[in-house]
Structure formats: structure tokens, C-alpha cells
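Written below as C-alpha cells is the structure these notes are about.
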Amino acid sequence: MEEFVKGEVVVLEFPFSNLIQVKRRPSLVIKVPKGDDVIVCQITGKSYEKSVEIPIKKEDFHKGSLKVESYIRLDKIFSIEKSLIKYKAGSLKQEKFSEIINKICSFLKD
């Protein structure tokens, strides 16, 4: 099974809240615990609510990229089986990843 690391942007079949439908979308790997799962944040191409999102741009990537400026959704964190990940789209620069983790922690404290 392929290995993943924190800071990678991966594309997976993202489940909707109803757990019936899925949509292929990018996500940010924020934790790789032991076992067959990874913990990710959803990434979207549309801005929804500034208080729960962090913009990412092409220059925020160490390698690879997304086609458009996108947004990390702080309110869409979940665990998913590694086998559901379709491919790696790239990885963020360490500075941007640290900024995102700090904002996730602040969001969860409120």
C-alpha cells in the first residue's frame, strides 16, 4: 500500500454528509496514524466562509499543484482509508502546512 506524509495534497472519493454520494476532490493529509487510515481536511475550489477556510495558491506548493486557487476547509476534517485515495496532486511547503495546522488548532479550541 502506498505511503503518505503530512502536507501532501491527495485526490479521493470524498463522501457527502449523507454518506451515500461521493465526489472526487482534493484533500490535505494532516496526520498519518498507524494503520490503514489517514486524517485529512477537505479542499474546495469555492470560497464559502472565511472563518473556516484557508486559501492555498500554486506558490504554496513545494511540488505539484492544483489547477485553481483553492481553500482548506477547517470544518471538514475526517479519517479515511488509504485505499480510497486515487492519487497525489502535490505537497505543500512546510511554512504553509504549519500555518494550516495552527489555524486548525485555533478553530478546534473555539
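Some notes on this structure:
- Those residues of the stretch 88-106 which are touching a residue at least 24 places away in the same chain (Cβ under 8 Å) and either surrounded by fewer than 12 Cβ atoms within 10 Å (Cβ to Cβ) or of a type in the set (Val, Ile, Thr) (or both), in sequence order: Gln94, Ile100, Ile101, Ile104
- Within the stretch 68-85, one or more residues are over 24 Å from Phe107 (Cα atoms), touching a Gly at 6+ places or on another chain (Cβ under 6 Å) and free of Cβ contacts under 8 Å to residues at least 24 places away in the same chain.
- Residues that are of a type in the set (Phe, Trp, Tyr) and surrounded by fewer than 18 Cβ atoms within 10 Å (Cβ to Cβ) were ranked within the stretch 34-86; the one that is farthest from Glu8 (Cα to Cα) is Tyr48.
- Among the residues of the stretch 37-61, those that are without any contact (Cβ under 8 Å) to a residue 40 or more places away in the chain and over 11 Å from Arg73 (Cα atoms) comprise Lys57, Lys58, Glu59, Asp60.
- Check on Ile30, at negative phi, touching a residue at least 60 places away in the same chain (Cβ under 8 Å) and part of a strand (DSSP E or B): yes
- Selection within the stretch 17-45 - among the hydrophobic types (A, V, I, L, M, F, W, C) and within 15 Å of the chain's Cα centre (by Cα): Leu28, Val29, Ile30, Val32, Val38, Ile39, Val40, Cys41, Ile43
- Whichever residue in the stretch 3-16 is outside any strand (DSSP E or B) and more than 9 Å from the chain's Cα centre (by Cα) and, among such residues, is modelled with the lowest pLDDT: Phe16
The values are calculated or read from the model by the stated rules, or taken from the named source; none is laboratory data. This structure is a prediction, so every number in the text was calculated from the model and none was measured. FYI the Cβ positions are ideal-geometry reconstructions off the backbone, even for glycines, and counts take in every protein chain you see.
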